[in-house]
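This report concerns only the one structure given below.
The values are calculated or read from the model by the stated rules, or taken from the named source; none is laboratory data. This structure is a prediction, so every number in the text was calculated from the model and none was measured. Glycine gets a Cβ as well: all are built from the backbone with ideal geometry, and neighbour counts include every protein chain shown.
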Amino acid sequence: MKSALLATGLAIALFTAAASQAQTEMLDQVVAIVDDDVVMASELRERVQTITQTLQARGVELPPEDVLIRETLDRLILESIQLQMANRVGVRISDAQLNAAMERIAAQNRMGLDEFRATLEQEGQSYAAMREQVRREMTIQRVQSGNVNQRIQITEQEVMNFLRSAEGQKVAQPEYRIVHALLPLGSDARASEVAEAEAFLQQLLVRIRGGEPFDQVISDSTDEYQFSGGDLGWRKLEDLPSLFSEVAPELAAGETSDPIRSPSGLHLVHVLDLRGGEQVVSQTRVRHILIRPSEVMSSEQAEALATELKARAEAGEDFADLAREYSEDIGSAQEGGDLGWTSPGQMVPEFETAMAETEVGEISDPVQSQFGWHVLEVLERREQDMTQEAIKARATEVLHQRKYEEELDAWLRKIRDEAFVDIK
């Protein structure tokens with residue numbers, strides 16, 4: 001009864017006030033106090049209107065008005081709690097990060113950013129308001145991630161049990177991104193027609209296997225034949241059409257099959273990308289010395305010291321001893337700077353570039369990264385089969401996502417219960 005009265009009261013505050021604005025200018029009013037923040041009636045009214053428009057545009061039936069108002073207010077209260085937490089710990093979304101997010105949203109709508117902005121304004125929406133809403137959502141996501149991830153523990157036994165399940169075995173299967181082109185040719189086509197079509201496809205294959213993009217070659221070759229087909233997206237082997245599932249395992253990423261005959265015509269199957277399956281990676285064993293600029297050492301002085309240490313190592317001093325004495329990488333200094341075996345993508349880009357350009361047994365010139373100045377020595381290189389590690393990583397990701405949703409709900413209830421909330 002109390003919640004029904006609450007929703008009714010809010011409805012009166014929101015909508016009778018809005019209706020009377022044509023006669024008198026209404027002052028905004030507080031509908032909820034949330035710790036050190038407040039939720040205003042105008043804020044609640046705008047959010048309800050936005051949700052209503054979104055649901056109507058999707059053809060979704062609207063919930064009862066009191067339910068919509070109550071749930072929207074609950075959402076605003078939770079957002080306020082999380083944004084206050086973000087402010088206390090200094091969470092900030094930079095303009096560069098926000099710009100990148102807006103560009104991704106525009107791309108998802110098949111538009112450039114300028115076109116997306118113009119489209120919003122034509123529809124009567126504010127780009128600036130949307131940008132700030134995205135900033136709020138990114139801030140909240142960062143707060144949630146930081147607080148929820150630390151609550152999640154996944155054991156080795158959980159991973160192994162999952163991989164033994166039917167769902168886990170499917171996760172372990174490779175996935176194929178298949179693009180195909182069908183040259184229509186009836187089953188009753190004459191042998192000469194089939195031979196002519198196959199010869200035409202062989203000409204296209206020469207271009208594709210010579211490095212031209214598959215889709216570009218097909219789109220440029222529609223004068224003589226009209227192709228159909230397209231991108232099948234990411235699929236497990238068992239989810240592919242039988243015609244493709246037979247040939248896909250024989251192709252590496254970027255490879256195209258020979259023409260395949262079916263009752264519909266001749267197919268070219270192209271593996272655009274592949275994930276899962278056997279994964280052999282090039283690894284490098286490297287050690288380094290890190291010199292960090294500080295209040296008492298400028299970047300130029302740090303670079304000069306790194307250059308001096310390189311010269312001393314090349315002159316015969318032990319690299320490991322120099323790392324123990326000078327390196328400011330606490331994690332590796334006591335190990336003589338040894339970082340062990342590293343895989344692609346594990347290090348910052350500047351470090352990876354220097355590592356790739358340095359021969360085994362050689363010492364690099366000083367290279368600068370966000371952490372400071374590095375001098376690195378490449379000790380060994382090898383090709384390592386990381387298939388099982390990759391499968392375990394995918395299984396861990398599935399389990400983490402499953403637990404994340406559960407822990408997020410529990411955490412949101414916890415912070416809501418702990419907050420001071422006074423609904424007017």
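Listed conditions (1) of a type outside the set (Asp, Glu); (2) part of a helix (DSSP H, G or I); (3) under 27 Å from the mean Cα position of the chain (by Cα) are all met by Phe244, apart from (3).
Among the criteria (1) of a type in the set (S, T, N, Q); (2) surrounded by fewer than 14 Cβ atoms within 10 Å (Cβ to Cβ); (3) at pLDDT 95 or above, the one Thr358 does not fulfil is (2).
Each row is one residue, and each column tells you yes or no for (1) in contact (Cβ under 8 Å) with a residue 12 or more places away in the chain; (2) crowded, with 16+ Cβ neighbours inside 10 Å.
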position: Gly210; (1), (2): no, no
position: Pro249; (1), (2): yes, no
position: Ser262; (1), (2): yes, no
position: Leu290; (1), (2): yes, yes
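Does Gln202 meet the test of being modelled with pLDDT of 90 or more, exposed (fewer than 13 other Cβ atoms within 10 Å of the Cβ) and in contact with a Pro (Cβ under 9 Å, 6 or more places away or on another chain)? Can you show your working first?
Values: modelled with pLDDT of 90 or more: yes; exposed (fewer than 13 other Cβ atoms within 10 Å of the Cβ): yes; in contact with a Pro (Cβ under 9 Å, 6 or more places away or on another chain): yes.
Judged against the criteria, Gln202 is a match.
In segment 257-288, the qualifying residues are those that are touching an Asp or Glu at 6+ places or on another chain (Cβ under 8 Å) and among the charged types (D, E, K, R), and the one that is nearest to Gly337 (Cα to Cα) is Arg287. Look through segment 316-338, keep the residues that are modelled with pLDDT of 95 or more and hydrophobic (A, V, I, L, M, F, W, C), and return whichever of them is nearest to Ile289 (Cα to Cα). Restricting to residues being modelled with pLDDT of 95 or more and hydrophobic (A, V, I, L, M, F, W, C), the top hit is Ala323. Would you call Phe351 farther than 15 Å from Thr284 by Cβ and aromatic (Phe, Trp, Tyr)? So Phe351 fails the test. Here the condition is being loosely packed, with under 13 Cβ neighbours inside 10 Å and among the polar types (S, T, N, Q); of Thr54, Thr72, Thr50, it holds for Thr54 alone. In segment 318-329, the residues that are closer than 15 Å to Trp373 by Cα form Cβ pairs under 8 Å with partners that are buried (at least 18 other Cβ atoms within 10 Å of the Cβ) and at pLDDT below 95, at six or more places apart or across chains, as follows: Ala323/Ser332; Ala323/Ala333; Ser327/Ala333; Glu328/Gly372. For Val348, the conditions (1) surrounded by fewer than 17 Cβ atoms within 10 Å (Cβ to Cβ); (2) more than 30 Å from Asn147 (Cα to Cα) all hold with the exception of (2). I'd like the residue in segment 156-199 that is among the β-branched types (Val, Ile, Thr) and modelled with pLDDT of 90 or more and, out of all such residues, is surrounded by the most Cβ atoms within 10 Å (Cβ to Cβ). Ranking the qualifying residues of segment 156-199, first place goes to Ile178.
Check Glu132, Glu198, Glu115 and return the single one that is within 24 Å of Glu79 (Cβ to Cβ) and outside any loop (DSSP other than H, G, I, E, B). Break it down into steps so the answer makes sense when it comes.
Details: Glu198 fails: within 24 Å of Glu79 (Cβ to Cβ); Glu115 fails: within 24 Å of Glu79 (Cβ to Cβ).
Criteria check complete, one pass: Glu132.
If the Cβ limit is 7 Å and pairs must be 6+ apart or interchain, which residue in segment 82-95 that is part of a loop (DSSP other than H, G, I, E, B) pairs with which residue that is surrounded by 10 or more Cβ atoms within 10 Å (Cβ to Cβ) and among the aliphatic types (A, V, I, L, M)? Close Cβ pairs satisfying both conditions: Val91/Val143; Ile93/Met138.
Just wondering, is there one or more residues in segment 217-239 that are surrounded by fewer than 16 Cβ atoms within 10 Å (Cβ to Cβ), in a helix (DSSP H, G or I) and among the hydrophobic types (A, V, I, L, M, F, W, C)?
no
Scanning segment 279-288 for residues that are of a type outside the set (D, E, K, R), in a strand (DSSP E or B) and surrounded by fewer than 21 Cβ atoms within 10 Å (Cβ to Cβ) yields Val280, Val281, Ser282, Gln283. The set of residues in segment 47-96 that are polar (S, T, N, Q), modelled with pLDDT of 90 or more and closer than 14 Å to Glu137 by Cβ comprises Ser80, Gln82.
Based on what the data block shows, is Val143 of a type outside the set (Asp, Glu), under 20 Å from the mean Cα position of the chain (by Cα) and surrounded by 17 or more Cβ atoms within 10 Å (Cβ to Cβ)? Against the criterion (of a type outside the set (Asp, Glu), under 20 Å from the mean Cα position of the chain (by Cα) and surrounded by 17 or more Cβ atoms within 10 Å (Cβ to Cβ)), Val143 qualifies.
Give segment 102-143 a look and list any residue that's under 18 Å from Arg92 (Cβ atoms), charged (D, E, K, R) and free of Cβ contacts under 8 Å to residues at least 12 places away in the same chain, or say none. Within segment 102-143, Glu132, Glu137 meet the criteria. The criterion of at least 3 residues that are under 30 Å from Ser165 (Cβ atoms) and not assigned by TED's automatic domain parsing to the domain that holds Val296 is met, among helices (runs of 4 or more DSSP H) falling completely within segment 306-424, by 387-418.
Residues checked against (1) of a type outside the set (A, V, I, L, M); (2) assigned to a helix (DSSP H, G or I):
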{"position": "Ile105", "(1), (2)": "no, yes"}
{"position": "Glu121", "(1), (2)": "yes, yes"}
{"position": "Asn149", "(1), (2)": "yes, yes"}
{"position": "Ile154", "(1), (2)": "no, no"}
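If you take the residues in segment 387-424 that are more than 30 Å from Asp36 (Cβ to Cβ) and of a type in the set (A, V, I, L, M), which one is surrounded by the most Cβ atoms within 10 Å (Cβ to Cβ)? Out of the qualifying residues, it is Ala395.
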